[in-house]
Amino acid sequence: MSEQPQGELVCNANEIEVKQALRILIDDYPVAIVKDSMGEIHAIGDTCSHADISLSEGEIEGCAIECWGHGSQFDLRSGQPLQLPAYDPVPVFAVTLDGDDVYVDVTNVVNGASVQNY
């Protein structure tokens, strides 16, 4: 008997194309599920730490996502800002793949960033 993955089932990996992001809500908390340029899946807080703007609407290049509002970029692995004006990281959440099912655990913030309003 296999063990149930941690977190919430959020989508199928095939629903997200390379260099695409999907905005989902987990218990009313916005999360961006992102497939980077290499096809790896990441889960980050969907709100830019500089302004209240959805990151899932931004462009993905390599392993970074750019906020369309002011150009801040965030590393999808660490949540760290790579370009100003943002200087605070966004939360990065644990992702588990079970076959093609993508599970995200918003209680497991892997980079220690602050999770607002959760």
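Values in this text are rule-based calculations from the coordinates and carry no lab data. Worth saying up front: this structure is predicted, and the values here are computed from it rather than measured. Cβ coordinates were reconstructed from backbone atoms using ideal geometry, including for glycine residues, and neighbour counts include every protein chain displayed.
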So if a site counts as exposed when it's one of the GluC sites (Glu not before Pro), its DSSP state isn't H, G, I, E or B, and it has at most 16 other Cβ atoms within 10 Å, what's the longest stretch of the chain without one? 41-118
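Relative contact order, percent, of the stretch 60-118 when contacts are C-alpha pairs under 8 Å separated by at least 6 residues?
22
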Taking only the C-alpha atoms, wrap a convex hull around the stretch 1-102 and report its volume per residue in Å³ as a whole number. 88
Tell me, which cysteines of the chain are without a disulfide-compatible partner by the Cβ under 4.7 Å rule? Cys11, Cys63
Provide the descending list of Cα extents for the stretch 64-117 along its principal axes, expressed in whole angstroms. 37, 22, 17
Lys/Arg +1, Asp/Glu -1 at C-beta; the chain dipole; positive extreme among Ile44, Ala64, Val34: Ala64
Just to confirm my numbers, what's the Cα centroid distance between the stretch 1-32 and the stretch 79-96 in Å? 18
